[in-house]
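So the structure is just underneath, and the comments pick up after that.
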Ligand SMILES: Cc1cc2nc3c(=O)[nH]c(=O)nc-3n(C[C@H](O)[C@H](O)[C@H](O)COP(=O)(O)OP(=O)(O)OC[C@H]3O[C@@H](n4cnc5c(N)ncnc54)[C@H](O)[C@@H]3O)c2cc1C
């Protein structure tokens, strides 16, 4: 197995253009497991750990641009305010060791339907910045990035450079069902982001369909019927939960049944909306 070790982003793009079959490796918390378990034996690994700019985040044109290699620990410690949904999800990932090594770029690269960063990225309208040496930059909305189980929109010569997320303008929540509180892959998960400036609510469903996905009809319901200055109507919250559950398309597997996942998505949707709404009203009153 060849081990390619670029030290700059341009070198990394050149290496991927010349060796499109090379598998990028960042934290290695997915790649090394697959190699150790003989799930795959790539002809080449493209180690991105020397490319310093991937580990940086910055505000760019009003958006938070998070480098692909920024680990969960940094998101938790430095971005809990502007990216509170993503930070909340990051706190549930693996263990401290996994959060120190694992990155949002790696989560996007793996594109597992159970990846914890996906629901908050969807709810917050994140955009994935990818690049190839020969065709330059593409900006892909998160909702278009996930194509199938562990399949994403990357071309063979492309790498993920960063993810762009608008700083939160309202409450955001992430909820995850697992068999215990740590070191657990989601049975299913849900994220919500209130966008009071646009009178809109974003959603993200995890581990309850072949890809992470939004619940568009539930979002439309709230855009139509929410009164942003009144207490939440319990009937509207219930209807929201039902439409989120209806947007799920899960399977039975070792972690849970499809029927349980549909039910749980509905419950998480109703609960997270209620939590977020209470925060929203509290903030207005303060
Ligand atoms: C014990 C354990 C617990 C875990 N718990 C969780 C959990 O609770 N929640 C969760 O979501 N995940 C969990 N994971 C999975 C993993 O930690 C995450 O998916 C993590 O985000 C992967 O990041 P990484 O940097 O380690 O990626 P890597 O393993 O380096 O790469 C993952 C994939 O992304 C690709 N890739 C990496 N960087 C790029 C790039 N810049 N451009 C293009 N492709 C790229 C790789 O080729 C590979 O396909 C766990 C893993 C382990 C081993």
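The values are calculated or read from the model by the stated rules, or taken from the named source; none is laboratory data. None of these values were measured; they are calculated from a predicted model. Quick reminder, even Gly has a Cβ in these numbers, built from the backbone with ideal geometry, and neighbours come from all protein chains shown.
Does residue 122 qualify as being more than 11 Å from the ligand (Cβ to nearest atom), closer than 28 Å to residue 198 by Cα and more than 10 Å from the chain's Cα centre (by Cα)? Spelling it out, it is not the case that residue 122 is more than 11 Å from the ligand (Cβ to nearest atom), closer than 28 Å to residue 198 by Cα and more than 10 Å from the chain's Cα centre (by Cα).
Part of a strand (DSSP E or B), within 11 Å of the ligand (Cβ to nearest atom), under 14 Å from the mean Cα position of the chain (by Cα) and under 23 Å from residue 66 (Cα atoms) - does that describe any residue in segment 131-150? No: zero hits.
Being modelled with pLDDT of 95 or more, within 13 Å of the ligand (Cβ to nearest atom) and closer than 25 Å to residue 171 by Cβ is the requirement here; does residue 108 meet it? Before you say what the answer is, go through the steps one by one.
Details: modelled with pLDDT of 95 or more: yes; within 13 Å of the ligand (Cβ to nearest atom): yes; closer than 25 Å to residue 171 by Cβ: yes.
So residue 108 passes the test.
Taken over segment 41-80, the criterion of being more than 9 Å from the ligand (Cβ to nearest atom), in contact with a strand residue (DSSP E or B) (Cβ under 7 Å, 6 or more places away or on another chain), in a loop (DSSP other than H, G, I, E, B) and over 14 Å from residue 165 (Cβ atoms) is satisfied by 43, 56. Taken over segment 1-40, residues that are assigned to a loop (DSSP other than H, G, I, E, B), within 11 Å of the ligand (Cβ to nearest atom) and more than 27 Å from residue 97 (Cβ to Cβ) amount to 0. Residues of segment 152-176 that are within 12 Å of the ligand (Cβ to nearest atom) and either farther than 21 Å from residue 105 by Cβ or within 14 Å of the chain's Cα centre (by Cα) (or both): 152, 160, 162, 163, 174, 176.
In the set 93, 128, only one residue is within 12 Å of the chain's Cα centre (by Cα), crowded, with 19+ Cβ neighbours inside 10 Å and part of a strand (DSSP E or B); that residue is 128.
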